[in-house]
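Participant: Before we start, here is the structure in question, set down as structure tokens.
The values are calculated or read from the model by the stated rules, or taken from the named source; none is laboratory data. From a predicted model like this one, the values you see are computed outputs, not experimental measurements. When we count neighbours, we look across all protein chains shown, and the Cβ atoms used for this are built from the backbone with ideal geometry, even at glycine. In case anyone asks, the SASA skips ligands and DNA or RNA and just uses the protein heavy atoms, side chains included. Shrake-Rupley method; radii C 1.70, N 1.55, O 1.52, S 1.80 Å.
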Amino acid sequence: MNLALNMESLWRVLSDPVVFASLKELAARDFCSEQTIFLEEVWTLKNKVLGERAKAHFPTNNLSSIKTFVETSDSLELRPVSSSSKPTSKLTDLYGSPIICSIVDDGDNIVVPHALIPQFIAVCDVFIRPGSPMELNLSAIVRRQCIDSIETRNFSVNVFNGALDQVVQSLFLNTFPKFLPS
């Protein structure tokens, strides 16, 4: 993987499980493993929320009513998702062209399912609260926003976005430059 000291390269590292594992090892040696662990925990929670949301909206395996926009050579078309499609690692295998949009993300309005609330509280207790076991170095404003959201039971999928932004920025400024020469 050809990497440079820029955010695009960092995001490529964060999205590649093998290379991310190497960054996690460096973070552990650099005494900032809480940052990479936090990223994994929050991304896992977001995926769980979106998975629960999908199950609530589409509770059966009948995909005949689900449609997605696809780009063809000259236009956009709305095509049905086939329930007989085999799992694929490439979305283009399903349609022969790249998918532009299949799910509308309504951002802060994505409410956390009741069953996942304890996991969001745990992330706050382990990473966000002052004196927590893996306390992150966050600005007072971001820390307060996260804690206030949890304490007021204002759970959304994006409750930790401010902390995510600061953790990624910290990794970029402090750990990622050390990772590049390796």
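Participant: Being in contact (Cβ under 8 Å) with a residue 40 or more places away in the chain, within 14 Å of Glu34 (Cβ to Cβ) and in contact with a helix residue (DSSP H, G or I) (Cβ under 6 Å, 6 or more places away or on another chain) is the filter here, so list the residues in the range 113-163 that pass it.
Facilitator: Residues satisfying the conditions are Val123, Phe127, Met134, Leu136, Phe160, Ala163.
Participant: Filtering the range 14-36 down to residues that are open to solvent by 20 Å² or more (accessible area, probe 1.4 Å) and of a type in the set (Ser, Thr, Tyr), which residue is farthest from Gly162 (Cα to Cα)?
Facilitator: In this case the residue turns out to be Ser22.
Participant: Taking the residues in the range 143-161 that are within 30 Å of Ser22 (Cβ to Cβ) and surrounded by fewer than 19 Cβ atoms within 10 Å (Cβ to Cβ) as candidates, determine which candidate is modelled with the highest pLDDT.
Facilitator: Top of the filtered list is Asn161.
Participant: Spot the failing condition for Gly131; the list is (1) over 30 Å from Ser170 (Cα atoms); (2) modelled with pLDDT of 50 or more; (3) open to solvent by 50 Å² or more (accessible area, probe 1.4 Å); (4) of a type in the set (Gly, Ala, Ser), and only one is missed.
Facilitator: That leaves (1) as the condition not met.
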